[in-house]
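Values in this text are rule-based calculations from the coordinates and carry no lab data. Because the structure is a prediction, the values reported are computed rather than measured. Note that we place each Cβ from the backbone using ideal geometry, even for glycine, and neighbour counts take in every protein chain shown.
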Amino acid sequence: MTDLKNIPDYVPGHGLLKGKRVVITAAAGTGIGFAAAKKCIEEGAQVFISDIHEGRLQKAQDTLEAETGQRPDYAICNVTVQEDVDALIAAAAKSLGGIDVVINNAGLGGTADLVDMTDEQWMVVMDVTLNGCFRVNRAAMQFMKTNGGGVIVNNASVLGWRAQKGQAHYAAAKAGVMALTRCAGVEGAEFGVRVNAVAPSLALHPFLHKVTSKELLAELEAKEAYGRGSEVWEQANVMVFLASDYSSYMTGEVISTSSQRA
């Protein structure tokens, strides 16, 4: 079980993103995307959020306004639909007056042994987690190439390195996100766009508890050096670092945001 005494104090903002205009996908709910939106606001950014769930987006707006004083605009976006992705970038640029950072957080998991996995199970995870990442990166890089550069932060996973039963589709998709990040980073360097990624191991939030057994969560937490999963804001802290000028020499890199890489 998680020992609450091991959880560090929440880190306050230090102005790392002052004046930056940040777009965050999959920012509704209680996961890493929402935590990233909150942290970016606390670090001085103007934020635009998106998700596929409008009701949860509106709740995210309300919560962010209550907790930070900023009420971000939003757009509904299904990252499996290119028209949605293009519309998101256009709407965010109009709302914010430009885009400096895109935090690409959308992804979909699941559990199925390879011998039993259907084509549909494989393809839906690939389309959201890998192809969706590609679509957002492409649209963001196209905008940034003609608008003075920018930063993209992708969300990968340690499963891109690590084997885990029942996770062949998700692990393959996240390994693809890592490779995409490396190639995009090299290409983007030619026109002032940095692309990096975080690779979380276990980030705890209420939705994860709903879809994962207590036994499996306990097993995964026991493998971490701290004996606990991370808080979602601990993942967001590293995303903020990658989005900020403090990581100006980094591109095409994947940071393991874990207490145990493999």
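Brief remarks on what is shown
- Pair Val124, Asp62: separation of 7 Å Cα→Cβ label points (nm): 2.8 nm
- The mean of 1/r over all pairs of different alpha-carbon atoms in the chain, once inverted, gives a Kirkwood hydrodynamic radius of 18.4 Å.
- Summing Lys and Arg as +1 and Asp and Glu as -1 over all other residues whose Cβ lies under 15 Å from the Cβ of Leu17 gives a net charge of +2.
- Over the chain, relative contact order from alpha-carbon pairs under 8 Å, at least 6 apart, %: 21 percent
- Kyte-Doolittle mean at least 0.0 and Cα axial length at least 27 Å: DSSP H helices in the chain: 168-188
- When the listed pairs Lys165/Lys223; Lys59/Lys214; Lys20/Lys94 are checked against a 20 Å cut-off, the alpha-carbon distance exceeds it for Lys59/Lys214.
- Helices in the chain, meaning DSSP H runs of at least 4 residues, each add -39500 (n - 2.57). Divided by all residues, the mean residue ellipticity at 222 nm is -13000 deg cm²/dmol.
- For the stretch 1-131, the share of alpha carbon pairs falling in successive 10 Å distance bins from zero is 12, 38, 29, 17, 5, 0 percent.
- Förster radius 45 Å - calculated FRET efficiency between Asn78 and Asn6 (Cβ-Cβ, nearest 0.05): 0.75
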